[in-house]
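A short worksheet on the structure shown next.
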Amino acid sequence: MQIPIVEIYEIINKEARKGGSLISALEEIQTRYRYLPREALILASERLDVPLSQAYAVATFYNAFSLKPKGKHCFQVCVGTACHVRGSPQVLDHIETKLGLKAGETSHDHMFSLETVNCLGACALGPIIVTNGEYSGQMNAKKSDTLLRRIFRAEGLDKNE
Amino acid sequence: MSNINSSVELNAWRAELIKSYAPDRPLITVCGGTGCRVYGSEKVFNAFQEVISNQGLSVSLAYNVKETGCHGFCEKGPLVVIRPQGTMYTHVKVGDVPEIVTAIAEGKIVERLLYIDPQTDEVIQNEDIVPFYKNQQRVILDLNGLLDPLRIDEYIALGGYSALTKVLQSMSPEQVITEIKASGLRGRGGAGFPTGLKWELCRNQPGDIKYVICNADEGDPGAYMDRSIMEGNPHRVLEGMIIGAYAIGAHQGYVYIRNEYPLAVKHLIHAISQAEECGLLGENILGSEYDFRVQIKLGSGAFVCGEETALIASIEGHVGEPRPRPPYPSESGLWGNPTNINNVKSWASVPIIIDKGSDWYSSIGTETSKGTMIFSIVGNINNTGLAEVPIGISLHELIYDIGGGIPNNKAFKAAQIGGPSGGCIPAEHLDVPIDYKSLTSLGAIMGSGGLVIADEDTCMVDFARYFMKFTQEESCGKCVPCRIGTKAMLETLERICAGEGQSDDVEYLIEVGQAIKLSSLCGLGQTAPNPVLSTLQYFRDEYEAHILEKTCPAKVCKGLITYAIVAENCPGCMVCLRNCPSGAITGAKQEVHVIDPELCNRCGLCMSLCKFDAIMVT
């Protein structure tokens, strides 16, 4: 993947001019590219005058940051307490089996990412899965199958596995 | 909207606004909270606007449509309330909108969308008498269903910023602190420290630079009341912060808010810019000598940042690790300056106390715990939602009168209060009044108000393991007891759930749990063992069943259960066989199927698909 160095530098520069912190610069980059390229950490550390070790510490401490690129389709299974008692572990299990990924992993072809989130605050609808930003509520293994199949079909991956 | 230069001007504007905001005006309010949005409330709102403006309806239907903040009754969303009658429609879909509009025009009611009380089968038209609302006392959430959160003029018309004018016109900072102290308000973030005293400590610190912070890093899974306040009534939080900052002598404030709450962030940013335009934030607020500004800081997803010293480190741009206290933030907080941190609910309570008086506020609640508390009732409960009640109400009232009881005729097992820092309360203590003191004596905490209901199908050992996994993952790793201790407890719990428990595991969990509580650096570690210790206190028999009998009584723990076909019920329909992800089911059409326990990964899909009750768990 081509890393848009100039663009990234502009983001960091903008934050630096605003007097913003390392965290806000990294947040911007994460939002834009859905991960923090290695180059971004180096640039941020140089421009904002913080040691690279500190930039790395911040990038690995907060859940919002990822050092690896995310897949084209991102599934987030809510594992908040309300979803948990309503059966989200079974849903997560099922999706893990179907995608062949563990929570937190991205497929080799960068097609799918599977993540867990701690409570989205839509507990009335639990268990919840967010697919590319779209919420689906009251999920179970069967309904998550339907959801996956829809995406497989859209991608021409017409396999029930 | 223009700059307001004095309290007199603001009051005059309010008087003007009230004329056009007659409370009995016809109004359709659509809940626009995150919960209802997930159900599609935005489309419903747009449909109302479209239907009303495009259908050339008669003038008699001069209804305004408004998208408000969270109404709280998330279970029934999207919620629509027709005012002033207060007719409440539940689960409203885009297709229902023309029918509702026609009904309004004809003075009728769409009966099929009204709320039906599941206990009495009674159809209830009016929002106020729906049991979920009837038994609440909505003080902080009172305007959530009325206000357009994007409009400061609506907040002002409904009495907003009147507490601020009162403070700036007639109260010294000391008087404000005395009033808050007299109200008995205690910090709503969980610890329950008296708010007035906290302000005084910060005010009395030497130094010209002081900060106030609103802790909106609501990380407790299952709790979302702070988000709903910020989404639905952001100006009340700001007004509370301005008053508090005035009392403390701070001129800069921060709202530290979860990045996972995009709507709340949007509404707060909008509210801040409106307040700035109106002269309610910035220099010389309402023509006074007082200056105050507020900035938003986005959290990046670390539970520990709800702890005040970690939160401060995060605002400073560092890794969000806590540090030992003392010094407390009131002495040395943000960038080494005296800093006062309060929770969203605490800040939002302040204008109400100033407006209505400390006597009024302290008349709500119990002897030692004043005011109201907002609980998010979630989990295995009929009426998921936000309930604001006077402190001291019993859990029974909260779960059965407001929450509507447990779905699917299941039995209540436990209420988990206070999230990962809290504990479980079993059925025998349901009549205990909920206040800071009695909850602590039961091994739970008030916390931020997350209330997760577990029914008979919940395994308490697995539940404890769940919370321990959460805190273990969120432990920042700075201090040893929390970093190593939570890991040790989690590994033990995982072993127990996998059927590999040993006879001394329970004693080990208690010993390590006590050690973590005593020796951890911050609140996260000091409370992390609570979910385990409280389930051990009340549900020790379940632990023993796992360890000694190698069974999971609730049939949840995968290592201890087996799926099997009930031969007499199985018609051989092939549905489970075709869908089993691990290929563990064999058989042929119209022949009894068989599950191979070696291949079965206990996902339970077969059971959820079987229409013949032909799958059982043992």
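The values are calculated or read from the model by the stated rules, or taken from the named source; none is laboratory data. Since we're looking at a predicted model, the values are computed, not measured. Glycine gets a Cβ as well: all are built from the backbone with ideal geometry, and neighbour counts include every protein chain shown. Protein only, heavy atoms only, side chains kept; ligands, DNA and RNA dropped before computing areas. Shrake-Rupley method; radii C 1.70, N 1.55, O 1.52, S 1.80 Å.
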(request) Could you tell me whether any residue of the range A:105-124 is in a helix (DSSP H, G or I) and either among the charged types (D, E, K, R) or touching a strand residue (DSSP E or B) at 6+ places or on another chain (Cβ under 9 Å) (or both)? (result) yes
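Each row is one residue, and each column tells you yes or no for (1) in contact with a strand residue (DSSP E or B) (Cβ under 6 Å, 6 or more places away or on another chain); (2) β-branched (Val, Ile, Thr); (3) at pLDDT 95 or above.
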{"position": "B:Ser183", "(1), (2), (3)": "no, no, yes"}
{"position": "B:Asn204", "(1), (2), (3)": "no, no, yes"}
{"position": "B:Ala216", "(1), (2), (3)": "yes, no, yes"}
{"position": "B:Asp220", "(1), (2), (3)": "yes, no, no"}
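Sort out which residues of the range B:155-205 are among the aliphatic types (A, V, I, L, M), open to solvent by 40 Å² or more (accessible area, probe 1.4 Å) and in contact with a Ser or Thr (Cβ under 6 Å, 6 or more places away or on another chain), and write them in order of number.
Passing the criteria: B:Ala182, B:Leu201.
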(message) Any residue that is surrounded by fewer than 24 Cβ atoms within 10 Å (Cβ to Cβ), away from chain A (no Cβ under 13 Å) and in contact with a helix residue (DSSP H, G or I) (Cβ under 9 Å, 6 or more places away or on another chain) - is there at least one of those in the range B:409-422?
(response) yes
(request) Kindly indicate whether B:Thr120 is outside the structural domain of B:Ala223 (by TED's automatic domain parsing), in a loop (DSSP other than H, G, I, E, B) and of a type in the set (Ser, Thr, Tyr). (result) yes
(request) Could you check B:Glu367 against (1) in a loop (DSSP other than H, G, I, E, B); (2) assigned by TED's automatic domain parsing to the domain that holds B:Asp226; (3) open to solvent by 40 Å² or more (accessible area, probe 1.4 Å) and say which number it fails? (result) (2)
(message) I need a count of the residues in the range B:246-263 that are in a helix (DSSP H, G or I) and either touching a residue at least 60 places away in the same chain (Cβ under 8 Å) or not assigned by TED's automatic domain parsing to the domain that holds B:Ile341 (or both).
(response) 4
(message) For the range A:75-87, which positions are open to solvent by less than 10 Å² (accessible area, probe 1.4 Å) and in contact with a Pro (Cβ under 6 Å, 6 or more places away or on another chain)?
(response) A:Gly80, A:Thr81, A:Cys83
(message) Among the numbered criteria (1) more than 10 Å from chain A (Cβ to nearest Cβ); (2) buried (at least 24 other Cβ atoms within 10 Å of the Cβ), which one does B:Met225 miss?
(response) (1)
(request) Return yes or no: is B:Lys555 open to solvent by 40 Å² or more (accessible area, probe 1.4 Å) and out of contact with any strand residue (DSSP E or B) (no Cβ under 9 Å at 6 or more places or on another chain)? (result) no
(message) Being touching a residue at least 24 places away in the same chain (Cβ under 8 Å), within 8 Å of another protein chain (Cβ to nearest Cβ) and farther than 25 Å from B:Gly385 by Cα: is that true of A:Lys72 here?
(response) no
(message) Could you tell me how many of the residues in the range B:563-590 are under 23 Å from A:Ile95 (Cβ atoms) and among the hydroxyl-bearing types (Ser, Thr, Tyr)?
(response) 2
(request) Scan the range B:562-593 for residues that are open to solvent by less than 60 Å² (accessible area, probe 1.4 Å) and within 13 Å of another protein chain (Cβ to nearest Cβ) and jot them down. (result) B:Tyr563, B:Val575, B:Cys576, B:Asn579, B:Cys580, B:Pro581, B:Ser582, B:Gly583, B:Ala584
(request) Could you check B:Ser330 against (1) at pLDDT below 95; (2) touching a strand residue (DSSP E or B) at 6+ places or on another chain (Cβ under 8 Å) and say which number it fails? (result) (1)
(message) Going through B:Leu150, B:Leu158 one at a time, which residue ends up being farther than 27 Å from B:Glu367 by Cβ, at pLDDT below 95 and within 27 Å of the chain's Cα centre (by Cα)?
(response) B:Leu158
(request) Out of A:Val117, A:Val85, A:Val77, report the one residue that is closer than 26 Å to A:Tyr35 by Cα, within 10 Å of chain B (Cβ to nearest Cβ) and β-branched (Val, Ile, Thr). (result) A:Val117
(message) Exactly one condition in (1) facing another protein chain (nearest Cβ under 9 Å); (2) open to solvent by less than 50 Å² (accessible area, probe 1.4 Å) is false for A:Tyr135; which is it?
(response) (2)
(message) I need a count of the residues in the range B:491-505 that are open to solvent by 10 Å² or more (accessible area, probe 1.4 Å) and not in a loop (DSSP other than H, G, I, E, B).
(response) 4
(message) Within the range B:510-615, considering only helices (runs of 4 or more DSSP H) that don't extend past its boundaries, which have at least 2 residues that are closer than 30 Å to B:Ile417 by Cα and either out of contact with any Ser or Thr (no Cβ under 6 Å at 6 or more places or on another chain) or not assigned by TED's automatic domain parsing to the domain that holds B:His429 (or both)?
(response) B:523-527, B:530-538, B:540-544
(request) Output the qualifying pairs, or none if there are none: Cβ atoms under 6 angstrom, residues six or more apart or on different chains, first residue in the range B:204-219 and under 13 Å from B:Gly240 (Cβ atoms), second residue in a loop (DSSP other than H, G, I, E, B). (result) B:Val212/B:Ala250; B:Asn215/B:Gly189
(request) Restrict the check to the range B:330-345 and report whether at least one residue is in a helix (DSSP H, G or I), within 13 Å of another protein chain (Cβ to nearest Cβ) and without any contact (Cβ under 8 Å) to a residue 12 or more places away in the chain. (result) no
(request) Please find, within the range A:88-114, the residue that is nearest to the other protein chains (Cβ to nearest Cβ) out of those that are farther than 20 Å from A:Ser66 by Cβ and open to solvent by less than 10 Å² (accessible area, probe 1.4 Å). (result) A:His94
(request) Determine, yes or no, whether B:Leu113 is more than 27 Å from B:Met225 (Cβ to Cβ) and open to solvent by less than 60 Å² (accessible area, probe 1.4 Å). (result) no
(message) What's the total number of residues in the range A:5-49 that are open to solvent by 30 Å² or more (accessible area, probe 1.4 Å), touching a residue at least 24 places away in the same chain (Cβ under 8 Å) and in a loop (DSSP other than H, G, I, E, B)?
(response) 2
(message) So if I check each of A:Ala64, A:Ala57, which one is open to solvent by 30 Å² or more (accessible area, probe 1.4 Å), within 12 Å of chain B (Cβ to nearest Cβ) and touching a Gly at 6+ places or on another chain (Cβ under 9 Å)?
(response) A:Ala64
(request) Among the residues of the range B:455-504, count how many are over 21 Å from B:Arg602 (Cβ atoms), away from every other protein chain (no Cβ under 14 Å) and touching a residue at least 60 places away in the same chain (Cβ under 8 Å). (result) 0
(message) Residues that are under 27 Å from B:Phe470 (Cα atoms), within 13 Å of another protein chain (Cβ to nearest Cβ) and surrounded by fewer than 20 Cβ atoms within 10 Å (Cβ to Cβ): does the range B:594-601 have at least one?
(response) yes
